[in-house]
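Report on one structure; see the data block that follows.
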Amino acid sequence: MALLSPKVIAQVNSHSAGPQGSTSWEWIIRADGEVLFRLSAVNGRRERNPWTPATRLPAAELEAIRGDKTKATQVLDVIVRQHGHRR
């Protein structure tokens with residue numbers, strides 16, 4: 001696993017496959033509470049797409065997860081599912 005930037009507090013990868021092919025997505029929560037995603041692979045071929053904002057965590061929720069990587073990943077999992085992606 002690649003090292004994360006100190007500004008990233010959680011990262012999740014999601015995958016989907018269908019008749020048109022397979023895609024992989026990267027999702028992150030930054031230390032400022034912004035949640036971003038990008039397309040990372042299509043049919044196994046690496047993509048270098050820009051990060052797209054998905055949402056921003058409220059300050060209280062961000063404080064609750066900031067020091068706990070497990071909680072931060074759980075929160076990010078919920079956001080990923082809300083956007084129709086699966087891990």
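The values are calculated or read from the model by the stated rules, or taken from the named source; none is laboratory data. This one's a predicted model, so the numbers in the text were calculated from it and none came from an experiment. Cβ sites come from the backbone with ideal geometry, for glycine too, and all protein chains shown count toward neighbours. Side chains are part of the model used for accessible areas, which takes the heavy atoms of the whole protein and leaves out ligands, DNA and RNA. Shrake-Rupley method; radii C 1.70, N 1.55, O 1.52, S 1.80 Å.
Okay, residues lined up against (1) surrounded by fewer than 14 Cβ atoms within 10 Å (Cβ to Cβ); (2) at pLDDT 95 or above; (3) out of contact with any helix residue (DSSP H, G or I) (no Cβ under 7 Å at 6 or more places or on another chain); (4) among the aromatic types (Phe, Trp, Tyr):
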{"residue": "SER24", "(1), (2), (3), (4)": "no, yes, yes, no"}
{"residue": "TRP27", "(1), (2), (3), (4)": "no, yes, no, yes"}
{"residue": "ASN43", "(1), (2), (3), (4)": "yes, yes, yes, no"}
{"residue": "THR52", "(1), (2), (3), (4)": "yes, yes, yes, no"}
{"residue": "LYS71", "(1), (2), (3), (4)": "no, yes, no, no"}
{"residue": "ARG86", "(1), (2), (3), (4)": "yes, no, yes, no"}
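On the basis of being part of a helix (DSSP H, G or I), of a type in the set (A, V, I, L, M, F, W, C) and free of Cβ contacts under 8 Å to residues at least 24 places away in the same chain, does ALA72 make the cut? So that I can check it myself, show each step before the final result.
Values: part of a helix (DSSP H, G or I): yes; of a type in the set (A, V, I, L, M, F, W, C): yes; free of Cβ contacts under 8 Å to residues at least 24 places away in the same chain: no.
Taking the combined requirement at face value, the residue does not satisfy it.
For the structure I just gave you, tell me whether LEU36 is outside any strand (DSSP E or B) and open to solvent by less than 40 Å² (accessible area, probe 1.4 Å). Don't jump to the end; show me each part of the working.
Numbers: outside any strand (DSSP E or B): no; open to solvent by less than 40 Å² (accessible area, probe 1.4 Å): yes.
No, not satisfied.
Among the residues of region 54-69, which ones are within 25 Å of LEU39 (Cβ to Cβ) and open to solvent by 60 Å² or more (accessible area, probe 1.4 Å)?
ARG56, LYS69
For region 24-40, how many residues are closer than 15 Å to ARG86 by Cα, of a type in the set (A, V, I, L, M, F, W, C) and more than 10 Å from the chain's Cα centre (by Cα)? I'd like the intermediate steps shown before the answer.
Taking region 24-40 first, the residues closer than 15 Å to ARG86 by Cα are 24-28, 37-40.
Filter once more, so that each one left must be of a type in the set (A, V, I, L, M, F, W, C): 25, 27-28, 37, 39.
With more than 10 Å from the chain's Cα centre (by Cα) added as a condition, the list becomes 39.
Matching residues across region 24-40 total 1.
Please find, within region 54-69, the residue that is nearest to SER14 (Cα to Cα) out of those that are hydrophobic (A, V, I, L, M, F, W, C) and touching a helix residue (DSSP H, G or I) at 6+ places or on another chain (Cβ under 8 Å).
Applying the first criterion (hydrophobic (A, V, I, L, M, F, W, C)) to region 54-69 yields 54, 57, 59-60, 62, 64-65.
Next, only the ones that are touching a helix residue (DSSP H, G or I) at 6+ places or on another chain (Cβ under 8 Å) stay: 54, 57, 64-65.
Working: ALA54: 15, LEU57: 20, ALA64: 24, ILE65: 21 Å.
It comes out as ALA54.
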